[in-house]
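What follows is a short report on a single structure.
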Amino acid sequence: MERRRSARTRCDIHRPHGPGRAAFDALREVGARGVAYIETFGPDPGHVDTSLATLRAVVEAARRDETQLVRIGVSPHAPYSVSDDLYSRVASWARIEALPMAVHIAESAGESQFVSDGAGEFAAMLSARGIAVARRAESPVELLEHTGALAAQPLCIHAVRVSDADILRIARNGATVAHCPRANAWLRHGRAPLHEFRARNVAVGLGTDSIASNDAVRLLAEARDATDPSLSAADRIALATDVVRAQCGSTWHARAR
């Protein structure tokens with residue numbers, strides 16, 4: 001957990017098993033402001049109840065310890081690890097309970113192929129587990145809209161493979177974006193369209209993804225590598241430090257795992 005106070009609000013994502021509250025408890029301990037998202041998985045529609053029950057148990061226990069500075073949130077992971085029904089039910093619960101939500105979305109060509117064609121390596125992986133695979137939407141962002149997840153105004157981590165229509169969907173629903181330039185480059189997924197997001201008044205902050213897709217987790221390194229010809233040096237620093245519309249009602253910075 002990065003503790004430097006230059007990034008006034010932090011977001012961190014953890015799985016519900018093991019040290020699922022590590023970021024939440026660390027934020028409370030150091031007196032920082034932030035959101036700790038608890039991740040959920042479940043590509044099999046038959047396992048939705050179990051996935052949701054596990055998520056709810058962790059989140060509801062943590063909510064008793066929320067403060068004015070630190071909140072708990074939810075994170076249905078990604079299209080290849082979350083069924084449509086799980087997206088819908090987590091999003092509905094998040095909206096009812098006013099829980100911040102984050103999603104890994106529109107990261108890779110393989111993810112887009114999986115959603116739009118029901119094909120590719122993710123489809124093969126799920127088929128091998130006996131999970132039915134089919135076309136789900138025109139794009140991953142459209143899938144979020146169809147399932148109601150985009151209406152929960154999630155923090156969209158990556159948002160690389162997006163069309164003009166997808167950008168409009170994100171803007172129309174008031175969702176935000178965590179730009180992870182170093183992880184995107186490391187995995188050769190491409191570059192998020194920052195200029196287009198900014199033109200549509202979509203709030204964008206910097207994320208580091210995780211050490212599994214990066215050689216370090218440093219926001220200033222992310223700002224340096226935020227390669228977009230429309231960005232000045234001041235813009236790069238602003239991505240890491242300035243006020244943006246936040247899921248927790250203040251400034252935020254995303255460290256997505």
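The values are calculated or read from the model by the stated rules, or taken from the named source; none is laboratory data. These numbers come from a predicted model, not from an experiment. Using ideal geometry, Cβ is built from the backbone for each residue, glycine included, and neighbour counts are taken over all protein chains shown.
In table form, for the structure just shown:
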{"read-out": "Unique match (being in a helix (DSSP H, G or I) and either free of Cβ contacts under 8 Å to residues at least 12 places away in the same chain or in contact with a helix residue (DSSP H, G or I) (Cβ under 6 Å, 6 or more places away or on another chain) (or both)) among L126, L52", "value": "L52"}
{"read-out": "Spans of helices (runs of 4 or more DSSP H) in segment 143-257 with at least 2 residues in contact with a Ser or Thr (Cβ under 9 Å, 6 or more places away or on another chain) and at pLDDT 70 or above", "value": "164-173, 181-186, 194-199"}
{"read-out": "Test result for V58, of a type in the set (V, I, T) and closer than 26 Å to G190 by Cβ", "value": "no"}
{"read-out": "Of residues in segment 146-168 being of a type outside the set (S, T, N, Q) and surrounded by fewer than 19 Cβ atoms within 10 Å (Cβ to Cβ), the one nearest to A36 (Cα to Cα)", "value": "A151"}
{"read-out": "Subset of segment 154-188 (residues that are over 18 Å from P79 (Cβ atoms) and among the polar types (S, T, N, Q))", "value": "T176"}
{"read-out": "Test for G120: is it closer than 21 Å to E39 by Cβ and either of a type outside the set (A, V, I, L, M, F, W, C) or free of Cβ contacts under 8 Å to residues at least 24 places away in the same chain (or both)", "value": "no"}
{"read-out": "Total residues in segment 104-145, condition surrounded by fewer than 20 Cβ atoms within 10 Å (Cβ to Cβ) and among the polar types (S, T, N, Q)", "value": "3"}
{"read-out": "Boolean, C180 is crowded, with 18+ Cβ neighbours inside 10 Å and over 17 Å from V90 (Cβ atoms)", "value": "yes"}
{"read-out": "Failed item in (1) surrounded by fewer than 22 Cβ atoms within 10 Å (Cβ to Cβ); (2) in contact (Cβ under 8 Å) with a residue 60 or more places away in the chain, with Y87 passing the rest", "value": "(1)"}
{"read-out": "Selection from segment 83-123 of residues that are over 19 Å from I13 (Cβ atoms), in a helix (DSSP H, G or I) and not charged (D, E, K, R)", "value": "S88, S92, I96, A109, G110, S112, Q113, F114, V115, S116, F122, A123"}
{"read-out": "Matching option when the condition is in contact with an Asp or Glu (Cβ under 9 Å, 6 or more places away or on another chain) and farther than 23 Å from A192 by Cβ, among S83, S75, S88", "value": "S83"}
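This table checks each residue for (1) under 29 Å from E111 (Cα atoms); (2) among the charged types (D, E, K, R); (3) modelled with pLDDT under 90.
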| residue | (1), (2), (3) |
| --- | --- |
| I13 | yes, no, yes |
| G18 | yes, no, yes |
| A26 | no, no, yes |
| V30 | no, no, yes |
| V35 | yes, no, yes |
| G42 | yes, no, no |
| P45 | yes, no, no |
| A53 | yes, no, no |
| A57 | no, no, no |
